[in-house]
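First up is the structure itself, then whatever we jot down about it.
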Amino acid sequence: MKKSSLVIIIFAIVSLFYAFGQHRWVRNEILKYDGSGYYVYLPAVLIYNDLGEMKFYKHIDSVYHPSNEYNYYSLFKNDETQLYTNKYAIGVSVGEMPLFLIAHWYTRYLDSDYPIDGYASPYEFSVAMSSILWVVIGMFFLSAFLRNYYSDGVTALTLLILGFGTNLYCYTLREFGMSHGLAFMIFSAILYFTQRWYLLFKPKDAIFLGLFLGWTIITRPIDIMVILIPLLWQMM
């Protein structure tokens, strides 16, 4: 096994061990503040079919208190249309959707003890696992990219420092539901597919590069500057 792959596996195990040791989804502590703002698209669209009036949110706010003292956190009502707008972009919820659907299926068909409301413990668990999953995938993308330029030992050391010595550690193990971990994965994928495109010129690499650039815009619009990486690649 490559040293870089071993570092990623260790990071994943530590992340899962810490997450399960905290069990914060049991206490409904994950979908709070910014995390709740990024996430609310999923229950609004896939459970309540109500992305405009957000009628369901009053009940959610009273039961789970996603923003504690701030009612309707991240949601702003238009006085003319009476519809709500979310200040957070939709990209994070796109990343959370696969495990959200699994949690929704589990809650609906396997465990009737939880309400099918999008905010019960299984849903919060899916958000925590999504945060870990995307960072681990990002590490594999980054590892594959770095090994084109450096030895496996240098790549492993870089991943070790990045995973355990930067804020990525916090946003993977503690701040579930935030955009930072997903953005890390997207940037890593952009580096990987940019390098492949200029090396091989295969259409599928260009397609994936375009998809990840688009995902960047709907996750953190200000990060559109990342498009300079493929545009200026040959100048580096």
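The values are calculated or read from the model by the stated rules, or taken from the named source; none is laboratory data. Just so we're clear, the structure is a prediction, and the values are computed from it rather than from any experiment. When we count neighbours, we look across all protein chains shown, and the Cβ atoms used for this are built from the backbone with ideal geometry, even at glycine.
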- Item | Single residue of Ser179, Ser143 found to be out of contact with any His (no Cβ under 9 Å at 6 or more places or on another chain), small (Gly, Ala, Ser) and closer than 19 Å to Asp34 by Cα | Ser179
- Task: Quick one: count up the residues across the stretch 70-89 that are surrounded by 15 or more Cβ atoms within 10 Å (Cβ to Cβ) and either among the polar types (S, T, N, Q) or modelled with pLDDT of 95 or more (or both).
- Result: 2
- Message: Which residue is surrounded by the most Cβ atoms within 10 Å (Cβ to Cβ), if the candidates are limited to the stretch 107-131 and must be assigned to a helix (DSSP H, G or I) and small (Gly, Ala, Ser)?
- Response: Ser131
- Message: Yes or no: the stretch 83-106 includes at least one residue that is over 24 Å from the mean Cα position of the chain (by Cα), outside any helix (DSSP H, G or I) and free of Cβ contacts under 8 Å to residues at least 60 places away in the same chain.
- Response: yes
- Query: Could you say which residue among Phe176, Phe141 is assigned to a loop (DSSP other than H, G, I, E, B) and either under 18 Å from the mean Cα position of the chain (by Cα) or of a type in the set (S, T, N, Q) (or both)?
  - Reply: Phe176
- So Asp61 clears everything in (1) assigned to a loop (DSSP other than H, G, I, E, B); (2) of a type outside the set (A, V, I, L, M); (3) at pLDDT below 90 except one condition, right? Which one? (1)
